[in-house]
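Engineer: Please see the structure below; I have some questions.
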Amino acid sequence: MKKFKIGLSLLLAVIVSVMLITWKDQSYSAIDLLENANFHVENSTVTLHRIDTDTEDIFSEMKISKETQQELIQSFQQATFKKTAIKTIDYDYRMTISLSTSYPMFIDSKNKILVLLNTNESFELIKDHAFFSLLEKAMEDSQN
């Protein structure tokens, strides 16, 4: 009976350890982040604002082509995210992805972190599928 209790205790400890490791390294898809997101709507758009705290008007809207908007949406949809406790305030962009619902977020491109405004949760992009290079392209396009 004593061996059974020790064995059961060890088994329980292993199960709990595996669960904690799995939970800690859990990754999320875009659909996990954006509740009820339907990426297959016809008129999906992206609104992008550059953030510059050194100017009076902090948010300046960036004009980006429909093609770049769709590329950003597809890249975001394919990205993988990890929840993070990092609460950054060094945002570069405010982006709203509009599908059947609007999903606003702040983006820190240096640290590859986004904060969903609807939930105030922070996520790190761990597989970005060129998302940040597309943001840079959008910025360059808007300056031309």
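The values are calculated or read from the model by the stated rules, or taken from the named source; none is laboratory data. Given the structure is predicted, the values throughout are model-derived calculations rather than measurements. With ideal geometry, Cβ positions are generated from the backbone for all residues, glycine too; neighbour counts draw on all protein chains shown. Accessible surface is based on the protein model in full, side chains and every heavy atom, while ligands, DNA and RNA are left aside. Shrake-Rupley method; radii C 1.70, N 1.55, O 1.52, S 1.80 Å.
Engineer: Can we say THR47 is at pLDDT 90 or above, surrounded by fewer than 16 Cβ atoms within 10 Å (Cβ to Cβ) and part of a strand (DSSP E or B)?
Structural biologist: Spelling it out, THR47 is indeed at pLDDT 90 or above, surrounded by fewer than 16 Cβ atoms within 10 Å (Cβ to Cβ) and part of a strand (DSSP E or B).
Engineer: Is it the case that some residue within region 33-44 is open to solvent by less than 60 Å² (accessible area, probe 1.4 Å) and over 16 Å from the mean Cα position of the chain (by Cα)?
Structural biologist: Within region 33-44 (the criterion being open to solvent by less than 60 Å² (accessible area, probe 1.4 Å) and over 16 Å from the mean Cα position of the chain (by Cα)), the answer is yes, since at least one residue qualifies.
Engineer: Check off (1) among the hydrophobic types (A, V, I, L, M, F, W, C); (2) modelled with pLDDT of 90 or more; (3) touching a helix residue (DSSP H, G or I) at 6+ places or on another chain (Cβ under 9 Å) for LEU117 and give me the number that stays unchecked.
Structural biologist: The single condition LEU117 does not satisfy is (3).
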